[in-house]
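**Student:** Below are the structure tokens for one structure; questions will follow.
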Amino acid sequence: MKVEQISVFLENKAGRLAEVASVLGSAGINIRALSLADTTDFGILRLIVNDREGAKKVLKEAGFTVGITQVIAVEVEDKPGGLAKILKLLAGEGINVEYMYAFVERSSGNAVLIFKFEDLDEAIDILNSHGVRVIPGERVYSL
Amino acid sequence: MIWSEEYETMPREALEALQLKRLQAVVERVYATVPFYRRRLEEAGVTPDSIRSLEDLQRIPFTTKEDLRDNYPYGLFAVPLKQVVRIHASSGTTGKPVVVGYTKRDLGTWAELMARSLASAGTTKDDVVHNAYGYGLFTGGLGVHYGAERIGATVIPMSGGNSKRQVMVLQDFGSTVITCTPSYALHLAEVAEDMGVDPKSTKLRVGVLGAEPWTEEMRKEIEERWNMQAIDIYGLSEIIGPGVSIECEEAKDGLHIFEDHFIPEVIDPDTGERLPYGEEGELVITTITKEAFPLLRYRTRDITSLVHEPCVCGRTMVRMRRVRGRTDDMLIIRGVNVFPSQIEEIIMGTKGVEPHYLLIVDRDPQTRLDTLEVQVEVSEEMFSDEVRMLQTLARSMERNIKDMLGVSARVKLVEPRTIQRFEGKAKRVIDKRKLS
Ligand SMILES: [Zn+2]
């Protein structure tokens, strides 16, 4: 049920984000979703791609520090209140969201939420037991 | 292993008698042959026959690097050039280099001291010595070369540079001992890994590393990455080159100074007063056997202290602590004395931090206060996908610097390989205050 996310350390230098995109692009790797966590000093780029190992390899070769992190993808209908419902549910169960980001699935028009929790398995159990659709990695990579 | 039992384990009393005899001889010789020394000694009211004990050494004026520059190139040679068989020169960062000369006997002395040094690190005639110190005017390459040959080891005269080729040779030629700067040893490990070569898979078992200040943390890292012993060697071209002092493999706790050739003292760099054993200050060396280029009370600018307790290895020669920095490397930040090596120790105590860092000292134009930025490369091991974790790491390094050194620093995490690597000595400090 888990999804593997690529994380890349970026110094706040103009052009580094573009460089990640171009390194992946020229290796024929597709970015499904991305989010940039930004501080005054540095940024962490989080990516869902179709080829994790390939992405990690080419980015490392290009001199980036790269990590692979496990996250969870959840599908909700793209309408008002969808996200709030899930966040409320998690808060009620005492599950802390470390970070999240979202993108819209082209074919269905549904929103896909990417979550990072401290305890992923516990979060998956709770989401499943409340009928929330947790999407397996393989499907997310090929969205 | 002890190369020269006779001298290296000589009882202190006999050693000191030998030192006095040699000191008297060298003072007499420079007084007669080097106008600079004659003038200096006369100004201080010292005549050669007034040196009656080792204590009298303190009456002799210091010789400084400026004195060497003022007498460029041959002004301090104590023999005619026709007796000089080799010239070396130091890598002066500004202006003219310092030029040193060797007679045939000096070269023999040097080879002997380097043989002692390499043996102290555990080198024998069965070893293959990969010598990556630069050959040329720099004393490192040829110094190690002749010492290793004297032992009877197999010498590979690599010199510096071309790191990929170095790795290939290390692997293919079965080298067991490597000689280079500590930062280059780490650089080579990095290059090897990039080439898909596991540094641990080579036959290297000892690194004889020197020519720049380093730390215990860096030693641990080098030893782990190469799976070898890292031994600290010390020397400077003005004195003779490498082979002034070295750690013994038994203790790896302080560098034995070859006192039958050099008399060490530690002084307060501000007052020039001699400091007692154990106290940290500037190392001053008098050479007592060199013919072509003897030096009286030369101020090395290196910061260390002397240890006179006996060592487990059996050598009676005094030890100097690992050099902590140079008087001219010392940064004064908001009035606090800071050595780059102290910051290195702190940041390398943090898990996963690579020994690649850069200190940038500047002055805030508004507040006019000094600022210290420490750039640290983010390794895969310390990287996290969570902003908070990385910030916590940076803040904890800042706190440790503040707690241990009393200066406020800003730790900036940077991408790997953004801090420039040097094949020779590492550049660790950019002091922008000097630029304005
Ligand atoms: Zn010892």
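**Student:** Does any residue of the stretch A:117-130 turn out to be out of contact with any Ser or Thr (no Cβ under 7 Å at 6 or more places or on another chain), within 23 Å of B:Glu415 (Cβ to Cβ) and within 14 Å of another protein chain (Cβ to nearest Cβ)?
**Tutor:** The answer is no; no qualifying residue exists.
**Student:** Another question about this same structure. Of the residues that sit in the stretch B:308-335 and are more than 16 Å from the ligand (Cβ to nearest atom) and assigned to a loop (DSSP other than H, G, I, E, B), which one is nearest to B:Phe258 (Cα to Cα)?
**Tutor:** B:Val323
**Student:** Could you list all residues from the stretch B:80-111 that are at pLDDT 95 or above and either surrounded by fewer than 19 Cβ atoms within 10 Å (Cβ to Cβ) or under 18 Å from B:Asp302 (Cα atoms) (or both)?
**Tutor:** Those that are at pLDDT 95 or above and either surrounded by fewer than 19 Cβ atoms within 10 Å (Cβ to Cβ) or under 18 Å from B:Asp302 (Cα atoms) (or both): B:Pro80, B:Leu81, B:Lys82, B:Gln83, B:Val85, B:Arg86, B:Ile87, B:Lys104, B:Arg105, B:Leu107, B:Gly108.
**Student:** For the stretch B:271-282, does any single residue satisfy the condition of being crowded, with 23+ Cβ neighbours inside 10 Å and under 23 Å from B:Thr9 (Cβ atoms)?
**Tutor:** No, the stretch B:271-282 has no match at all.
**Student:** Okay, next question. How many of the residues making up the stretch B:202-221 are more than 16 Å from the ligand (Cβ to nearest atom), at pLDDT 95 or above, out of contact with any Asp or Glu (no Cβ under 8 Å at 6 or more places or on another chain) and among the aliphatic types (A, V, I, L, M)?
**Tutor:** Going through the stretch B:202-221 one residue at a time, the tally reaches 1.
**Student:** Would you mind telling me which numbered condition in (1) modelled with pLDDT under 95; (2) part of a loop (DSSP other than H, G, I, E, B); (3) hydrophobic (A, V, I, L, M, F, W, C) B:Leu68 fails?
**Tutor:** (2)
**Student:** Return the total of residues in the stretch B:350-390 being within 17 Å of B:Ala409 (Cα to Cα), within 11 Å of another protein chain (Cβ to nearest Cβ) and surrounded by fewer than 16 Cβ atoms within 10 Å (Cβ to Cβ).
**Tutor:** Residues in the stretch B:350-390 being within 17 Å of B:Ala409 (Cα to Cα), within 11 Å of another protein chain (Cβ to nearest Cβ) and surrounded by fewer than 16 Cβ atoms within 10 Å (Cβ to Cβ): 1 in total.
**Student:** Same structure, new question: Please state which of the following conditions A:Gly28 fails to meet, knowing it meets all the rest: (1) on the phi < 0 side of the Ramachandran plot; (2) outside any strand (DSSP E or B); (3) more than 14 Å from every other protein chain (Cβ to nearest Cβ).
**Tutor:** Looking at each condition in turn, A:Gly28 falls short on (1).
**Student:** Next up: On the basis of being out of contact with any Leu (no Cβ under 8 Å at 6 or more places or on another chain), crowded, with 18+ Cβ neighbours inside 10 Å and modelled with pLDDT of 95 or more, does B:Ala119 make the cut?
**Tutor:** Yes: the conditions hold for B:Ala119.
**Student:** Criterion first (more than 30 Å from B:Phe258 (Cβ to Cβ), of a type in the set (A, V, I, L, M, F, W, C), in contact with a Pro (Cβ under 7 Å, 6 or more places away or on another chain) and within 14 Å of chain A (Cβ to nearest Cβ)) does B:Val411 satisfy it?
**Tutor:** No.
**Student:** Quick check on the stretch B:363-385: of everything there that is in a strand (DSSP E or B) and over 16 Å from B:Leu405 (Cβ atoms), which residue is modelled with the highest pLDDT?
**Tutor:** Result: B:Gln375.
**Student:** Which members of the stretch B:45-60 meet the condition of being closer than 16 Å to B:Tyr298 by Cα and outside any helix (DSSP H, G or I)?
**Tutor:** Listed by number, the list holds a single entry, B:Ile60.
**Student:** Can we say B:Arg399 is within 13 Å of chain A (Cβ to nearest Cβ), out of contact with any strand residue (DSSP E or B) (no Cβ under 7 Å at 6 or more places or on another chain), without any contact (Cβ under 8 Å) to a residue 24 or more places away in the chain and of a type in the set (D, E, K, R)?
**Tutor:** Answer is no for this residue.
**Student:** Only residues that are within 14 Å of another protein chain (Cβ to nearest Cβ) and at pLDDT 90 or above: list them for the stretch A:65-96, please.
**Tutor:** A:Thr65, A:Val66, A:Gly67, A:Ile68, A:Thr69, A:Gln70, A:Val71, A:Ile72, listed by residue number.
**Student:** While we're on this one: With the checklist (1) at pLDDT 90 or above; (2) touching a Lys or Arg at 6+ places or on another chain (Cβ under 6 Å); (3) more than 14 Å from the ligand (Cβ to nearest atom) in hand, flag the one item B:Pro340 doesn't pass.
**Tutor:** (1)
**Student:** Let me ask something else. Between residues in the stretch B:110-136 that are under 16 Å from B:Leu236 (Cα atoms) and residues that are assigned to a loop (DSSP other than H, G, I, E, B) and within 16 Å of the ligand (Cβ to nearest atom), which pairs lie under 7 Å by C-beta distance while being six or more apart or on different chains?
**Tutor:** Listed pairs, sorted by first residue: B:Leu113/B:Phe258.
**Student:** Are any residues in the stretch A:32-54 crowded, with 16+ Cβ neighbours inside 10 Å, more than 10 Å from chain B (Cβ to nearest Cβ) and in a strand (DSSP E or B), and if so, which ones?
**Tutor:** Correct list: A:Arg32, A:Ala33, A:Leu34, A:Ser35, A:Leu47, A:Ile48, A:Val49.
The values are calculated or read from the model by the stated rules, or taken from the named source; none is laboratory data. Source: prediction; values computed, not measured. Please note: Cβ atoms are built from the backbone with ideal geometry, for glycine as well, and neighbour counts cover all protein chains shown.
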